[in-house]
């Protein structure tokens with residue numbers, strides 16, 4: 001194997017294949033090899049963190065005036081937008097997401113840089129009310145080196161949201177993308193240098209989670225770890241960070257309740273439920289995977305839902321007619337299949353899907369049919385564990401008390417959806433639900449301008465929104481005596 005056969009990663013201004021064993025990237029829609037990716041060893045990670053620390057200590061970035069830092073972020077946004085088609089197709093080839101959704105996410109990633117560039121220019125420091133003969137100032141300082149660790153389901157948006165905010169706050173970043181989707185991060189890192197970002201302020205290390213990610217989490221010079229991914233991994237990161245009192249921002253798993261009251265516009269609710277769980281092939285932390293329907297309309301609504309689900313077009317991600325594309329990998333497809341089998345063992349009835357598609361044209365990919373499971377109690381394993389695939393549990397409820405007991409009866413608390421014509425009911429239920437984002441008469445509407453994060457085991461801290469930049473800064477009080 002020649003060096004030129006391996007995609008290198010970026011440390012400072014140097015592209016290197018690293019000391020680790022290169023790994024494969026495969027297209028989950030076809031099984032074809034995308035290429036070999038260089039793997040960062042612990043020594044490579046140490047060099048990346050040292051490079052980031054040295055670059056962040058230099059005034060070229062740390063002391064750069066906010067409007068000049070914002071100008072670089074805006075140039076990077078323009079370059080991402082100009083390169084959006086390449087980025088979209090690369091993400092599609094690596095995680096199987098529908099091409100149109102990848103295109104939308106590429107543009108959303110560019111807009112995240114624009115958003116945080118704008119905040120960078122207007123984010124104020126504070127003068128606190130004095131309690132004596134002094135001036136009380138609150139200023140905000142960057143942490144220094146931030147480790148950003150991202151998942152495979154939506155790298156174009158998730159990486160942009162983390163990196164843009166961390167850079168706008170004045171930090172240097174070492175980004176570790178998922179081993180399944182390294183391509184977008186590497187391309188954006190090259191564009192960042194082209195935009196004028198000082199070398200070493202954004203570094204990308206590729207590799208497997210335990211080796212590369214583990215070394216990054218354990219590194220003593222990483223002051224903040226920003227992680228999006230599974231709850232079990234998030235807990236392990238939190239434990240490792242606690243050993244050296246490093247800060248963490250964790251956006252973890254979900255088992256979001258999607259609620260339909262009898263007085264709702266049931267046609268719109270049906271569209272919302274389908275979109276909420278089966279878009280992105282269910283590979284979304286906010287997917288509405290537990291559907292609660294008021295008992296009076298439960299049978300009729302679920303029957304319509306099953307019929308619509310069976311009509312969904314499962315196909316290749318670059319086919320414009322496709323509504324459900326493959327899962328991100330064959331390993332993940334196997335996990336989803338095993339969890340559906342587990343549900344059947346627990347007494348669940350498969351109302352739709354539950355198998356791979358029969359179409360021979362899809363036999364080479366990691367496809368799984370959109371699936372609906374009924375007959376389980378809310379405490380069943382499938383209703384409590386995150387599947388991260390196109391699998392929906394349907395459950396009836398009798399009244400608000402019954403609903404809230406079930407909806408909040410999970411370790412997760414990331415998102416929830418409510419469909420009702422009653423404004424008072426919508427407000428009561430929204431306030432009572434234990435989740436970081438609540439949608440009313442809509443679902444999965446996303447914006448970089450509002451905070452995002454979870455309650456309970458769905459994470460800690462918030463990203464996005466005006467104060468999302470504060471996640472990547474530490475407040476400092478300066479008391480100036482006037483006596």
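The values are calculated or read from the model by the stated rules, or taken from the named source; none is laboratory data. In this text, all values refer to a predicted model and were calculated from it rather than measured experimentally. Don't worry about glycine lacking a Cβ; one is built from the backbone with ideal geometry, like all the others, and counts go over all protein chains shown.
Here residue 69 clears all of (1) over 20 Å from residue 162 (Cα atoms); (2) at pLDDT 95 or above except the condition numbered (1). List pairs: first residue in the range 189-210 and closer than 17 Å to residue 170 by Cβ, second residue at pLDDT below 95 and buried (at least 19 other Cβ atoms within 10 Å of the Cβ) anywhere in the structure, Cβ distance under 7 angstrom, at least six positions apart or on different chains. Here the result reads 198/61; 201/61, each pair linking the range 189-210 to a residue that is at pLDDT below 95 and buried (at least 19 other Cβ atoms within 10 Å of the Cβ). When the residues of the range 368-388 are filtered to those that are over 25 Å from residue 303 (Cβ atoms) and either without any contact (Cβ under 8 Å) to a residue 24 or more places away in the chain or touching a helix residue (DSSP H, G or I) at 6+ places or on another chain (Cβ under 8 Å) (or both), the one that is surrounded by the fewest Cβ atoms within 10 Å (Cβ to Cβ) is 381.
Looking at the range 191-208 only, could you name the residues that are outside any loop (DSSP other than H, G, I, E, B), under 21 Å from residue 145 (Cβ atoms) and in contact with a helix residue (DSSP H, G or I) (Cβ under 9 Å, 6 or more places away or on another chain)? Of everything in the range 191-208, those that are outside any loop (DSSP other than H, G, I, E, B), under 21 Å from residue 145 (Cβ atoms) and in contact with a helix residue (DSSP H, G or I) (Cβ under 9 Å, 6 or more places away or on another chain) turn out to be 192, 195, 202, 203, 204. Determine whether residue 87 is under 16 Å from residue 115 (Cβ atoms), in contact (Cβ under 8 Å) with a residue 60 or more places away in the chain and assigned to a helix (DSSP H, G or I). Judged against the criteria, residue 87 is not a match. When residue 424 is tested against (1) over 26 Å from residue 160 (Cβ atoms); (2) in contact (Cβ under 8 Å) with a residue 60 or more places away in the chain, just one condition goes unmet, and that condition is (2). The residues in the range 345-367 that are free of Cβ contacts under 8 Å to residues at least 12 places away in the same chain and either buried (at least 17 other Cβ atoms within 10 Å of the Cβ) or within 18 Å of residue 382 (Cβ to Cβ) (or both) can be counted, and the count is 1.
Kindly indicate whether any position in the range 176-187 is closer than 26 Å to residue 27 by Cβ and in a strand (DSSP E or B). Walk me through it before giving the result.
From the range 176-187, those closer than 26 Å to residue 27 by Cβ are 176-187; that's our starting set.
Next cut, in a strand (DSSP E or B) only: 176.
Yes, the conditions are met somewhere in the range 176-187.
Across the range 209-247, the number of residues qualifying as outside any helix (DSSP H, G or I) and farther than 22 Å from residue 284 by Cα comes to 11.
Filtering the range 17-35 to residues that are within 26 Å of residue 218 (Cβ to Cβ), in contact with a helix residue (DSSP H, G or I) (Cβ under 7 Å, 6 or more places away or on another chain) and not in a loop (DSSP other than H, G, I, E, B) leaves only 25. Residue 452 meets the stated requirement of being surrounded by 17 or more Cβ atoms within 10 Å (Cβ to Cβ), modelled with pLDDT of 95 or more and not assigned by TED's automatic domain parsing to the domain that holds residue 270. Of all the residues in the range 457-483, those that are assigned to a helix (DSSP H, G or I), surrounded by fewer than 18 Cβ atoms within 10 Å (Cβ to Cβ) and touching a residue at least 40 places away in the same chain (Cβ under 8 Å) number 2. Just one of (1) assigned to a helix (DSSP H, G or I); (2) buried (at least 16 other Cβ atoms within 10 Å of the Cβ); (3) within 26 Å of the chain's Cα centre (by Cα) fails for residue 147. It is (1).
With the condition kept exactly as written, say whether any residue in the range 161-171 is under 23 Å from residue 27 (Cβ atoms) and surrounded by 24 or more Cβ atoms within 10 Å (Cβ to Cβ). Within the range 161-171, none of the residues are under 23 Å from residue 27 (Cβ atoms) and surrounded by 24 or more Cβ atoms within 10 Å (Cβ to Cβ).
It is to be established whether one or more residues within the range 266-276 are within 21 Å of the chain's Cα centre (by Cα) and not in a helix (DSSP H, G or I). There is no residue in the range 266-276 that is within 21 Å of the chain's Cα centre (by Cα) and not in a helix (DSSP H, G or I). Residues of the range 199-219 that are in contact with a strand residue (DSSP E or B) (Cβ under 9 Å, 6 or more places away or on another chain) and under 24 Å from residue 142 (Cβ atoms): 199, 200, 201, 202, 203, 204, 205, 212, 213, 216, 217, 219. Restricting attention to the range 96-141 and to residues that are under 23 Å from the mean Cα position of the chain (by Cα) and not in a helix (DSSP H, G or I), the residue that is farthest from residue 206 (Cα to Cα) turns out to be 98.
For residue 420, the requirement of being farther than 30 Å from residue 341 by Cβ, in contact with a helix residue (DSSP H, G or I) (Cβ under 9 Å, 6 or more places away or on another chain) and not assigned by TED's automatic domain parsing to the domain that holds residue 163 is met.
(1) within 29 Å of residue 92 (Cα to Cα); (2) crowded, with 18+ Cβ neighbours inside 10 Å: which one isn't true of residue 294, the others all being true? Tallying (1) within 29 Å of residue 92 (Cα to Cα); (2) crowded, with 18+ Cβ neighbours inside 10 Å, residue 294 fails exactly one: (1).
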